Amino acid sequence: MRIPVRLPAPSRCAPVAALAACLFAIGTAAAQGAPAAPAPADGVAAAACPAILQHTFPRLQDEKPQSLCQYSGKVVLVVNTASFCGFTPQYKGLEALDSKYRSRGLVVLGFPSNDFAQESGSNKEIADFCESTFGVKFPMFAKSSVRGANANPLFKQLALASGTTPKWNFYKYLIGRDGKVVQAWSSMTAPDENAFVKVLESQLAAAN
């Protein structure tokens, strides 16, 4: 609703007084009826999403951009993967983890990489292999580098937060509901290893 503003008559006020009265009248009108400017939606979204998840990556299957902010408030297990590695059968265990604990707030995120010369296929070939061989349904992203100067921004942050970079395929990083890196595990740690699962379950039981 437009609020009328009465300006003082020029003939009755000195120029300075008229200006002051005008500013006072406009300020009073704004305070009484003008709507407050809404907070930027992007700012609100960014505040709710932990810094480590403020990244967007192409989905493996169709390369459609996916924001990791959609996993805010979840326990996130990040794994760099490869199709022709001695640890490749861990795909089965990772899918089992994601399926078992999904309802409790876990999500496994797979990042195929050829950093160790064991992932030479295209994104489509990788996606077909993972689904047909191991029934992988957890989110996976387009092939990228996970170590060194060319590492994707998520893995750069993971390396800084954990103090370690992937030494081989199927390195594992656990991010808590609060967006903080909990722990990193080497490729030798199987997805069903008791000590690993114990840490995972403790994070799932924690409140955000």
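The values are calculated or read from the model by the stated rules, or taken from the named source; none is laboratory data. Worth saying up front: this structure is predicted, and the values here are computed from it rather than measured. Note: ideal-geometry Cβ built from the backbone for every residue, glycine included; neighbour counts use all protein chains shown.
Within segment 63-74, which residues are closer than 26 Å to Ser103 by Cβ and not in a strand (DSSP E or B)?
Listed by number, the residues that qualify are Lys64, Leu68, Cys69, Gln70, Tyr71, Ser72, Gly73, Lys74.
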Report task. Go through the residues of segment 89-100 one by one and say whether even a single one is in contact with an Asp or Glu (Cβ under 9 Å, 6 or more places away or on another chain), over 19 Å from Ala51 (Cα atoms) and not small (Gly, Ala, Ser). Result -> yes
Query raised in the report: In segment 80-121, which residue that is closer than 9 Å to Phe138 by Cβ and among the β-branched types (Val, Ile, Thr) is surrounded by the most Cβ atoms within 10 Å (Cβ to Cβ)?
Result: Val108
Report task. Any chance you could count how many residues in segment 36-63 are in contact with a Cys (Cβ under 9 Å, 6 or more places away or on another chain) and modelled with pLDDT under 95? Result -> 3
Requested in this report: Kindly indicate whether Leu174 is within 18 Å of Gly93 (Cβ to Cβ) and of a type outside the set (Gly, Ala, Ser).
Outcome: yes
**Report entry** Filter pass, Pro153 being under 19 Å from the mean Cα position of the chain (by Cα), of a type outside the set (Phe, Trp, Tyr) and under 16 Å from Tyr91 (Cβ atoms)
**Finding:** no
Query raised in the report: So is Phe57 more than 22 Å from the chain's Cα centre (by Cα) and either in contact (Cβ under 8 Å) with a residue 12 or more places away in the chain or buried (at least 18 other Cβ atoms within 10 Å of the Cβ) (or both) or not?
Result: no
Query raised in the report: If we scan segment 83-91, do we find a residue that is of a type outside the set (Lys, Arg), over 17 Å from Phe196 (Cβ atoms) and touching a Ser or Thr at 6+ places or on another chain (Cβ under 6 Å)?
Result: no
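Identify, from the list Leu77, Leu94, the residue that is at pLDDT 95 or above, in a strand (DSSP E or B) and under 10 Å from Pro191 (Cβ atoms).
Result: Leu77 is the single residue among Leu77, Leu94 that is at pLDDT 95 or above, in a strand (DSSP E or B) and under 10 Å from Pro191 (Cβ atoms).
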Report task. Name the one entry in Gly163, Gly148, Gly179 that is out of contact with any Phe, Trp or Tyr (no Cβ under 7 Å at 6 or more places or on another chain), in contact (Cβ under 8 Å) with a residue 40 or more places away in the chain, at positive phi and not aromatic (Phe, Trp, Tyr). Result -> Gly179
